[in-house]
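Trainee: First the structure, which I've put down as structure tokens, then a few questions once you've had a look.
The values are calculated or read from the model by the stated rules, or taken from the named source; none is laboratory data. A quick note: this is a predicted structure, and the numbers were derived from the prediction, not measured. Note that we place each Cβ from the backbone using ideal geometry, even for glycine, and neighbour counts take in every protein chain shown.
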Amino acid sequence: MATTNPIKLTKTDFILFLNCGKSLWLKTHKPNVYPEGEFSAYAQKLAKEGYEVEAQVRALVATWADADRYSFQRVFEPGEGLFAKADMVRDNEDGTIDLFEIKSSTSVKDRNPHNQLKDAAFQTIAAKRCGEKVRNITIVHLNKDYVREGDIDPEELLTFADETVRVKALLAETESEITEAMALLSLDAVDETSCTCLHLSRNNQCDSFTYFNRNIPTPSIYSLPRLSQAKRDLFVAEDRISLDKISVEELTRLQQPVLKAHQSNAPYINLPDIENFLGVLKYPLHFLDYETYASAIPITNGVKSQSPLPFQFSLHVQSENGELEHHEFLADQAERPLALIEHLERTINPTGSIIVWNKTFENTQNKTMAADYPDKAEFLLGLVSRTADLMDVFLTGYVDIRFDGSVSIKKVLPVVVPELSYDGMDVGDGTAAMETWARMLSETDLAKRAEQRQALLDYCELDSLAMVKILKFVGALTSNNGTA
Ligand code: SF4
């Protein structure tokens with residue numbers, strides 16, 4: 001049945017539709033139950049960064065001889081439910097217009113989840129339906145090779161990619177998709193009892209999955225790590241979503257512990273795997289955690305757009321007699337990480353293991369800093385060679401079904417060390433840490449700044465302290481008490 005409410009389709013809605021029509025329907029018709037999760041957080045981040053990049057475009061255009069031909073945020077609303085706001089428009093001498101979409105990415109994205117060519121096609125269609133003749137279509141994005149030195153140089157920062165041909169080739173297809181989106185939005189009801197992402201892994205399902213699939217139990221086949229597409233298809237086709245319908249022989253070595261923990265209703269413990277991990281550790285033990293910041297507009301000299309800049313670390317050092325020291329660093333200004341590295345050099349011993357959670361992240365920072373500071377490379381690459389990833393223990397050594405197939409420290413900590421928690425912290429995850437640091441740097445109220453600083457220190461300290469406590473828990477599972 002068609003709705004009587006007027007339908008409005010914005011560019012953001014349209015991109016959501018391209019990812020999943022049902023998700024857009026839910027957001028439009030039942031906003032109170034629509035989970036404001038990753039897509040909206042991502043859309044908000046893109047919007048905020050888009051404004052920052054637009055400010056640079058405005059600064060650049062103001063220097064051009066034909067600056068008065070450009071306007072920003074022009075609305076095209078052809079009266080058919082379509083609503084578009086073009087980032088920048090040039091009114092050409094021949095009566096045509098050029099459209100510019102301004103993006104905070106370092107290249108043109110031409111695929112879901114954020115297809116920028118489709119964005120531009122949507123804007124073009126809305127402009128044409130308003131009677132405009134669109135000549136050229138440009139995606140303005142960030143130059144991935146630009147390294148800030150002094151004030152931002154908009155000419156170097158920005159790349160103008162002429163995408164007229166590719167966007168115009170998409171217009172017919174986009175017209176049909178707009179019609180489909182409008183037809184879907186006009187429905188008062190859709191099937192809310194299932195959706196098609198049953199065949200996708202959890203990482204590829206959207207935040208609405210649980211709403212549309214309320215009968216799926218926890219845990220389920222989606223709790224099995226790295227389940228192949230073929231196997232997921234088979235389990236779905238045979239209606240075997242519940243782990244109760246899966247047998248151990250059907251699973252890989254990485255997936256079996258999750259199922260065994262579920263079947264026995266007790267943690268799965270593999271002592272040889274745990275002992276192998278503990279066996280390589282050398283005192284003093286260093287528990288290290290970095291926080292990084294990435295932004296569209298490089299925050300300081302020597303930094304590129306969207307590249308992570310380490311600004312904080314927390315380090316717990318445990319000696320063989322169990323004594324624990326804590327060291328920390330938090331940059332009080334936007335700066336390259338030389339002071340951070342020097343503080344690490346003063347606090348990390350020349351020998352002993354470096355224990356991290358998810359070594360890919362920490363070691364990427366070490367390797368990047370080593371490349372940026374050749375005279376520190378020996379120290380930083382030395383850290384890489386001494387790194388042990390505590391997360392690995394929770395792949396096959398110790399698996400509790402309450403982790404729900406995850407090895408995130410946010411899932412593991414509350415189960416194995418319930419007295420420590422991120423709940424209620426002013427800063428509770430890496431994204432919040434980034435945002436808080438950015439706010440702290442520009443905060444003029446000293447009391448507020450001190451609060452923000454403390455919240456960052458508390459959060460990062462908990463990250464490394466959590467590893468100390470988790471290793472103690474793991475060590476207690478074995479006879480050698482967790483040490484080499
Ligand atoms: S999980 Fe369901 S609602 Fe979400 S994108 Fe997939 S089909 Fe759409």
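Trainee: Which one of Leu158, Leu200, Leu187 is more than 11 Å from the ligand (Cβ to nearest atom) and within 30 Å of Tyr34 (Cα to Cα)?
Mentor: When all the criteria are applied, what remains is Leu187.
Trainee: Out of curiosity, is Asp98 of a type in the set (Asp, Glu), surrounded by fewer than 21 Cβ atoms within 10 Å (Cβ to Cβ) and assigned to a strand (DSSP E or B)?
Mentor: Considered against the rule, which asks whether it is of a type in the set (Asp, Glu), surrounded by fewer than 21 Cβ atoms within 10 Å (Cβ to Cβ) and assigned to a strand (DSSP E or B), Asp98 comes out as yes.
Trainee: Taking the stated definitions as given, is Asn112 modelled with pLDDT under 95, more than 16 Å from the ligand (Cβ to nearest atom) and loosely packed, with under 13 Cβ neighbours inside 10 Å?
Mentor: Judged against the criteria, Asn112 is not a match.
Trainee: Let me ask another. Step by step: first the residues of segment 229-252, then only those that are within 20 Å of Ser264 (Cβ to Cβ) and β-branched (Val, Ile, Thr), then the one that is surrounded by the most Cβ atoms within 10 Å (Cβ to Cβ). Which residue is that?
Mentor: The residue in question is Ile246.
Trainee: Continuing with the same structure: Within segment 120-127, does at least one residue satisfy the condition of being in a helix (DSSP H, G or I) and without any contact (Cβ under 8 Å) to a residue 40 or more places away in the chain?
Mentor: Within segment 120-127, not a single residue is in a helix (DSSP H, G or I) and without any contact (Cβ under 8 Å) to a residue 40 or more places away in the chain.
Trainee: Are any residues in segment 208-217 near the ligand (Cβ under 7 Å from one of its atoms) and either surrounded by fewer than 19 Cβ atoms within 10 Å (Cβ to Cβ) or over 18 Å from Asp239 (Cβ atoms) (or both), and if so, which ones?
Mentor: Ser208
Trainee: Does Met434 satisfy being crowded, with 19+ Cβ neighbours inside 10 Å and closer than 13 Å to Gln312 by Cα?
Mentor: Yes: the conditions hold for Met434.
Trainee: Only residues that are more than 35 Å from the chain's Cα centre (by Cα), basic (Lys, Arg) and within 21 Å of Thr179 (Cβ to Cβ): list them for segment 85-137, please.
Mentor: Correct list: Lys128, Arg129.
Trainee: Against the condition surrounded by fewer than 13 Cβ atoms within 10 Å (Cβ to Cβ) and either free of Cβ contacts under 8 Å to residues at least 60 places away in the same chain or in contact with a His (Cβ under 9 Å, 6 or more places away or on another chain) (or both), how does Asp145 come out, does it pass?
Mentor: When the stated conditions are applied, Asp145 does not pass them.
Trainee: A follow-up question, please. Within segment 167-179, is even one residue within 14 Å of the ligand (Cβ to nearest atom), among the acidic types (Asp, Glu) and within 18 Å of Leu24 (Cα to Cα)?
Mentor: No - not one qualifying residue is present in segment 167-179.
Trainee: If we scan segment 353-370, do we find a residue that is more than 26 Å from the chain's Cα centre (by Cα), assigned to a helix (DSSP H, G or I) and more than 16 Å from Asn276 (Cα to Cα)?
Mentor: No, segment 353-370 contains no residue that is more than 26 Å from the chain's Cα centre (by Cα), assigned to a helix (DSSP H, G or I) and more than 16 Å from Asn276 (Cα to Cα).
Trainee: Looking at segment 371-403, which of the residues that are β-branched (Val, Ile, Thr) and outside any helix (DSSP H, G or I) is surrounded by the fewest Cβ atoms within 10 Å (Cβ to Cβ)?
Mentor: That would be Thr387.
Trainee: With the condition kept exactly as written, say whether any residue in segment 421-431 is part of a helix (DSSP H, G or I) and in the same structural domain as His343 (by TED's automatic domain parsing).
Mentor: Yes.
Trainee: Can you work out which of the residues in segment 184-202 that are in contact with a Ser or Thr (Cβ under 9 Å, 6 or more places away or on another chain) and not in a helix (DSSP H, G or I) is surrounded by the fewest Cβ atoms within 10 Å (Cβ to Cβ)?
Mentor: The extreme case among them is Asp188.
Trainee: Scan segment 432-484 for residues that are at pLDDT below 95 and not in a helix (DSSP H, G or I) and jot them down.
Mentor: Leu477, Thr478, Ser479, Asn480, Asn481, Gly482, Thr483, Ala484
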